[in-house]
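Rule-based calculations on the coordinates, nothing more; no lab input. Note that the coordinates shown come from a computational prediction; the quantities given were computed from them, not determined experimentally. With ideal geometry, Cβ positions are generated from the backbone for all residues, glycine too; neighbour counts draw on all protein chains shown.
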Amino acid sequence: MASGDSILPYSTRGWNELAILELPPQIFFWGQSYALGIIAVIFGQGGLGKSRLALNQARNQVLGLPFAGMPTGGGPLRHLMMGSENSIHRLQHDVQKMSAGLSPEQIKLLNDNIRLATLENPDDPFISVADVVNVERWRMTLQGYRPNVLWVDPWGDVLAGEANNDEDARGTLQILNRLVRQVDHQAAMIILAHSRTGVKNIAQAVGFEGANFGKGSKALYSAARCVWNLVPSDETENPGIVAFHAKNNNGPRSKPFCVRLDPETMLYELDLSFDLDAWQGLVNQRAAGKGGTKPVCMLSDEQALSIVTGSGPVTGNTLQQQLHDLGIPERKIRVLKEKLATFRTRTFPRRVWYGTPEQIDALKQEYQNPKLPVPT
């Protein structure tokens, strides 16, 4: 504690005093996910695109544009993007691409409300708060810009102590919280952190094991009010990013979605054709050690038209419902889906289709339940 600082008691209020207290509304700036005054965390493996996605979110927030279909708040906030990994050349490339087609007024708005760490001096990459000199540089940087939103990228480089130590993680968060709230008591802090790698760990990004996806101490997950788990959509060189809302203390969790990077604009676009069932099936298959990606047959445009009109293979969701209507147990449905051939079309190259009409008809005959109507 700095000399001259006074020690204050913890804030407390009585039951009814709290009940009738008039509070300003909570300000959300991405759906009901990010909010001022909270800590949020984005977990994802290195090289997936967390930094660029964060920059895209800040850009859209300032411009009042939605990101991944969710609104980004009612007005521009001041964003400080603090990082230790991305060079000034990489950042300039992204900023130039993301600025294409914008008006001078929009460019000025971005310049006034987004500031980025550019790593121009030898000591700039060293941002760990374990060093008292670094802490003072943090203080000077924050007071010089006074952000509403602080982006910390990556967590491992700012951490003071051991990655798996809960006390070290909490201590680091306390230091960052004090620093940022000295300039804005309601500032939000969004931390980008590395996840564990490997297909078995990717499978944990969603569901009951979502809290186990991030690397290191679970104190970071516990302290965050909002957590997003990011994973690749496939095993290609440039996969989409699948986002799972692992935790949200401020409202309902958003449904999973997939975004893909447009290399011309360096902006992420929502992939409306993403098939969550197919993704989970592929990941579970790989996690079980069943080899590589399932063979895929590309269909012609004429065949794709027959799919759209309902006379060909079906989507994962449709097949799931049809088999459910036949009275087949859920565990059996998962097995049957894995056994059916998968298809992609030139018209819808990112959507997976299951089964030929003959396969589906055979299933209906084999598992027909006389108590339930057979779907037509």
- [ ] For L272 and A100, compute 0.36 nm times the residue count separating them, minus their Cα-Cα distance, and round to one decimal in nm.
- [x] 59.5 nm
- [ ] Specify whether the C-alpha gyration tensor of region 202-295 places it in the rounded, prolate or oblate class, a ≥ b ≥ c being the square roots of the eigenvalues: rounded for a/c under 1.5, otherwise prolate if a/b is larger than b/c and oblate if not.
- [x] oblate
Task: nm² value of the averaged projected area, convex hull over the Cα atoms of region 58-133 - done: 6.6 nm²
Task: Segment L18-E235, length gained on full extension (0.36 nm per residue, minus Cα span) - done: 73.0 nm
Open item on the list: Quick check: Cα centre of region 90-138 to Cα centre of region 221-293, how many Å?
Closed with: 27 Å
Open item on the list: Could you order the peptides 221-229, 273-281, 91-99 from most to least packed, using the average number of other C-beta atoms within 10 Å per residue?
Closed with: 221-229, 273-281, 91-99
Open item on the list: Quick check: from the Cα gyration tensor, does region 20-179 come out rounded (a/c under 1.5), prolate or oblate?
Closed with: oblate
